[in-house]
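Engineer: Quick one: the structure is below, questions incoming.
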Amino acid sequence: MRCADLARMLFAAALFAPVAAFGQTHRLTLKDCVGIALGRSPDLRAADLEIRAAGETVTAARASLLPSLYGTATAQTISGQATNAFSLLNIVDVQDNGVISKANTRGLVGFGSVTLNYDLFKNGSVFGLNDAPVIGVAKAQKSVLVWTRALDREQIIFIVTTSFLEAATRAERIRLDARRVELCQQRLPYIEQQVGIGLKLQTDIDFAKEQLFSGEEMLRLSKAQHVAAQLHLAGLIGVRPETLVVSTKLPAVPVLPATDKLVANALAKHPGVGVESAMIDQRFNTYRLARSQLYPQVTLGSSALYGADLTASSDQHLYSGSLVISVPIFDFGMLQANKRSAEDKYQAEKYRLQKVSDDIRRAILDAYGALVIIQETAALYERNAVRADTAFQVALSQSHQGLVPPLAAIDAELLMIDNQEALNDQREKELQQFATLQNAAGGTWAWIR
């Protein structure tokens, strides 16, 4: 094994060992899982690097508008006839006015140059001191990446939340289903005993057996679903499924905010709105850039060249300076067409912002309305579960006192389990709908951080 591979393995072990150990010794809550997933997300890590690269692009765009100075230095040997060293290098021999002074020229020649270029007015830049379009485009691209990262973060939170709720409720479902099977196994002998003394019919035995078989099948399905939920959540937080232990205590139900405030806050701060606003800014600066192409462009250029014959005492130099003004005269309408195209794209992006706002508003109101209905159903299930639990406690107490047969307490507990499972499933739907609402609001309202 190469040293580089060994180093990577040790680094990975050091990185994920604390997470694995954490999952083995602690029942992970929703907050734990979200924090771990956000910390290890490849999408967010890549987004951070993209944002950092975009920041460097802004710096490069700004620097490209300022004066640039370049220098070169060269040493080389030459030989030739009917020419001198500097005319060979395309350098004017100022001293001899280009007249060849030697029939044969040999030697070591050194020369260098310094070039200065400065776009005084070009592509909307004025001496590089204003907020030129090229800088605006780079800034807008960075802003798009920042807002997109926020959207990715909310999507990760939503996925981890739904996965955690599924894993937590399935773990509790296994416990209730196992208890149902145990009660059905206890119930069958009592039914058979009562059939023997004529208090029950043979169909009651058949029903009890069918109830036991149904309970065992439900337990098998619950275990399979729990394994799938464990695999999904473990992959999101980077632990082995066999070491993942989640808390079966569901998070507290948050308080719903006022609808108008929720919508208004989302439309002002939603990452989707931020992305589209940055796209509008990018299109606007692209339009500015296309419009600036219609104006004259002014560029300052200068260069200094110096050459020396290193085998003698002669040297030559040349300086040149220029101020270039480029004026568009006629191009068959190409520049005007580019400007109109950029302007239309800019206007289209502004209309697209309205569409984004409408979609966000509709998603929030739909999630909000569905959540109210789910909460009403959960309240009904809550009452049924409390009623069933009370009936079970009464039947259990009466059974202990000999007032009712044990079968009555078993039936009461089975009914309580059915109501509890229905309530737990509804609570999962309720919390998942809260997660849907947070995702629709883009994290501007959040109960999961």
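Engineer: If the limit is 25 Å between Cα atoms, which of K249/K429; K122/K339; K200/K223; K355/K429; K31/K355; K139/K261 go over it?
Structural biologist: K200/K223; K355/K429; K31/K355; K139/K261
Engineer: How high is the relative contact order of segment 274-354, in percent, with contacts defined as C-alpha pairs under 8 Å that are six or more residues apart? If you can, show how the numbers build up before the last one.
Structural biologist: On the way: 81 pairs, mean separation 34.1, N = 81.
In percent, rounded to a whole number, it is 42.
Engineer: Sticking with this one: Considering every Cα-Cα pair within the chain, what fraction, in whole percent, is farther apart than 36 Å?
Structural biologist: So the portion of pairs separated by more than 36 Å is 60 percent.
Engineer: By the scheme Lys and Arg +1, Asp and Glu -1, what is the net charge of all other residues having a beta-carbon under 13 Å from that of Q432? All intermediate terms of the calculation are to be shown ahead of the outcome.
Structural biologist: Values: positive: R427, K429; negative: E166, D425, E428, E430.
With Lys, Arg at +1 and Asp, Glu at -1, the neighbours total -2.
Engineer: Over every pair of different alpha-carbon atoms in segment 197-356, take the mean of 1/r and invert it; report that Kirkwood radius in Å.
Structural biologist: After inverting the mean inverse Cα-Cα distance, the result is 26.1 Å.
Engineer: Still on this model: If you plug each phi of segment 121-130 into the Karplus form 6.51 cos²θ - 1.76 cosθ + 1.60 with θ = phi - 60°, what whole-Hz ³J(HN,Hα) values come out, in order, with x for Gly and Pro?
Structural biologist: Values per residue, Gly and Pro as x: 9, 7, 6, x, 8, 10, 6, x, 9, 9 Hz.
Engineer: Pick out which of S292, S320, S397 has the largest mean-square fluctuation in a Gaussian network model of the chain, springs linking Cα atoms closer than 10 Å.
Structural biologist: Of S292, S320, S397, the most mobile in the Gaussian network model is S320.
Engineer: What list of ³J(HN,Hα) values in whole Hz, one per residue of segment 329-340 in order, does the Karplus curve 6.51 cos²θ - 1.76 cosθ + 1.60 (θ = phi - 60°) give from phi, with Gly and Pro shown as x?
Structural biologist: Each residue of segment 329-340 in turn: 10, 8, 9, 6, x, 5, 5, 5, 5, 4, 5, 5 Hz.
Engineer: Under the rule of at least 5 residues apart or a separate chain, name every residue whose amide H is placed under 5 Å from the amide H of L28.
Structural biologist: Here V245, V246, S247 satisfy the definition.
Engineer: Now for a separate question. Short version: ³J(HN,Hα) in whole Hz for each residue of segment 341-358, in order, from phi by Karplus 6.51 cos²θ - 1.76 cosθ + 1.60 (θ = phi - 60°), x for Gly and Pro, what are they?
Structural biologist: Using θ = phi - 60°, the values come out as 4, 5, 5, 5, 5, 5, 5, 4, 5, 5, 5, 5, 4, 4, 5, 4, 5, 5 Hz.
Engineer: Looking only at A73, A367, A46, which one moves most when the chain is put into a Gaussian network model with springs between Cα atoms under 10 Å?
Structural biologist: Judging by the Gaussian network model, the answer is A73.
Engineer: Sticking with this one: If each DSSP helix of 4+ residues adds -39,500 (n - 2.57) and the sum is divided by the residues in the chain, what number results at 222 nm, nearest 500 deg cm²/dmol?
Structural biologist: Value at 222 nm, helices only, nearest 500: -23500 deg cm²/dmol.
Engineer: Express in nm, to one decimal, how much length is gained between L120 and K345 on full extension, taking 0.36 nm for each residue of separation and deducting their alpha carbon distance.
Structural biologist: Gain on stretching L120 to K345: 78.1 nm.
Engineer: How long are the three semi-axes of the equivalent ellipsoid of segment 241-331, in whole Å, if each is the root of 5 times an eigenvalue of the C-alpha gyration tensor, listed from largest down?
Structural biologist: 65, 30, 10
Engineer: Can you tell which of L431, L66, L267 shows the greatest fluctuation in a Gaussian network model of the chain with Cα springs below 10 Å?
Structural biologist: Answer for the Gaussian network model of the chain: L66.
Engineer: Oh, and also: Treat each spin label as a single point 7 Å out from the Cα along the C-beta direction, and report the Q336 to V394 distance in nm.
Structural biologist: The answer from the label model is 9.0 nm.
Engineer: In units of 2.2 N^0.38 Å, what is the alpha-carbon radius of gyration of segment 95-226?
Structural biologist: After normalising by residue count via 2.2 N^0.38 Å, the value is 3.08.
Engineer: In nm, to one decimal, how far is the V195 label point from the D48 one, both placed 7 Å along Cα→Cβ?
Structural biologist: It is 6.6 nm.
Engineer: Now a separate question. Could you work out the relative contact order of segment 337-424, using alpha carbon pairs under 8 angstrom and six or more residues apart, expressed as a whole percent?
Structural biologist: Normalised by residue count, the contact order of segment 337-424 is 27 percent.
Engineer: May I pose another question? If I take R0 = 56 Å and measure r between the Cβ atoms of T57 and R383 in this structure, what FRET efficiency does the formula 1/(1 + (r/R0)^6) give, to the nearest 0.05?
Structural biologist: E between T57 and R383, to the nearest 0.05, is 0.40.
Engineer: Mind giving me the FRET efficiency for I205 and A178? R0 is 22 Å, r the Cβ-Cβ distance, nearest 0.05 is fine. Don't skip to the end; give the middle numbers.
Structural biologist: Working: r = 23 Å, r/R0 = 1.04.
After rounding to 0.05, the efficiency reads 0.45.
Engineer: With a cut-off of 8 Å between alpha carbons and a minimum separation of six or more residues, what is the relative contact order of the chain in percent?
Structural biologist: Here the relative contact order equals 22 percent.
Engineer: First obtain the Kirkwood hydrodynamic radius of segment 308-398 from its Cα pairs, then insert it into the Stokes-Einstein equation at 10 °C and 1.306 mPa s, and state the resulting D in µm² per second as a whole number.
Structural biologist: Value of D from the Cα-based Kirkwood radius: 70 µm²/s.
Engineer: If R₀ is 30 angstrom, what is the calculated FRET efficiency for the pair S214 and D366, using the beta carbon separation as r and rounding to 0.05?
Structural biologist: 0.25
No value in this document is a laboratory result; all are computed from the given coordinates. Predicted model, so just to flag it, every value in this text is computed and none were measured. Here Cβ is always computed from backbone atoms with ideal geometry, including for glycine, and neighbour counts include all displayed protein chains.
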